[in-house]
Structures are given as C-alpha cells and as structure tokens.
Amino acid sequence: MRRRTVLQGLAAAAGASLVPSAWGETKPGRWMRLESPNFVMFSTEYEEKSRNELLALERFHALLLRLIPHEVHPGPKLTVYLVGNRRDFTASNPDMSSGVAGYYEARLEQIRTVNSARADFERQRDMPRNVRALDSRVVMFHEYVHHLSFTNMRVAYPPWYQEGFAEFLSTVEFTDTQCDIGKFSNDRAAWLA
C-alpha cells in the first residue's frame, strides 16, 4: 500500500515540476531545453517524448534514492542529451562506436549523459514479461545509476559490481501503482551466453 502512495506522489511531484524552455510542441531536429528538480535535458526529439523521458528519469531518481545510500545534499543537476539522429550523437563524441546507444561522461567542465533515441533503439512491444528491449530509456537509466553511484557512494566498488548493479536497475518499468525491477535486457543477455 505504501509503495502505491509513494509512486503516485512521485509522479505528481515530478510531473508538476517540468519546466519547458518554450511553449508549444517542438518538432524533431530542433534543440529544446527542459528542466526538472534533478535534471536539465537538451533534446532533439518531440516535446511529448522528451517530457515523458524526463518524467521517467525523475521517477527513477526517486527509486534509486530508496535503494542506494546517498548524501543528504544533492549534487548539481545532471545534464542529459537526448538525440534522435546519428549525426548529433556522433558530434557529441566522434570516437564512439556506432553500436553504442548512450554513455556517461564526468569531466571537470561538465557531467553529462548522451543518449540516442533513434528508432532502432526504441522499445519493442512484443517482448516476454521478464525481458526488456534495449531502448533509449534502458540506456539512460543504466548511465544514471553510474552517475548516482559515483557521486554518492563513499566506497569504490569493482567494475563488475558497478556494471551489474546498473544493468539490474536499468530495466525497471513503472506503472501507475508499482515498478518492476530486475528484468534482463534482450541484447545484453546474449553477451552473457
């Protein structure tokens, strides 16, 4: 019962706090800026899709705060780039492999995650119940687990744990009343076989 109340409260709080940079629907290909309590998003996707991804990030952030030991004082907002074409994604890091759908980068001048929302990375709707397709949201969640872990954990965990923990949580799916954690990604499961 408590989980339902928490999730409903999180959705209402996150939804009410999304601040658009401009009014009206933005067409794909033009940069748009959205801001929430914990994120600043720059996106070239449709405004509705961008808002939904930002809301999902806020819900995921609230979930992680319940699961990960963290500092009382939050750090700066994470900058998220959600790009819909390969050209913009490649411009963010020209050395990145074409098979990469997103990455997290922490530098002195900026901490950011860049995620591709290309159609070939979008969710496949015909997956079995315990499987999650590798879509842009899974990649974004995976990278955010790294960010929150690196900025809030006082212990340096080994890489296998960091990747496993990020992978375990990245496939979370939210409904109005609950969240499902621990599905496996269809693409990454093949790597383990």
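Residues with amide H under 5 Å of VAL40's amide H, sequence separation 5 or more or different chain, H placed in the peptide plane at 1.01 Å from N; which? Placed amide hydrogens put LEU78, THR79, VAL80 under 5 Å from VAL40. ARG59 sits with roughly 30 Å² accessible to a 1.4 Å probe, with DNA, RNA and ligands left out of the calculation. Put a dot 7 Å past the Cα of ILE181, heading toward its Cβ, do the same for THR151, and the two dots end up 2.0 nm apart. Computed with a 1.4 Å probe over protein heavy atoms only, the accessible area of MET153 comes to about 40 Å².
The values are calculated or read from the model by the stated rules, or taken from the named source; none is laboratory data. These numbers come from a predicted model, not from an experiment. Using ideal geometry, Cβ is built from the backbone for each residue, glycine included, and neighbour counts are taken over all protein chains shown. Remember, those area values only see protein heavy atoms, side chains included, never the ligands or the DNA or RNA. Shrake-Rupley method; radii C 1.70, N 1.55, O 1.52, S 1.80 Å.
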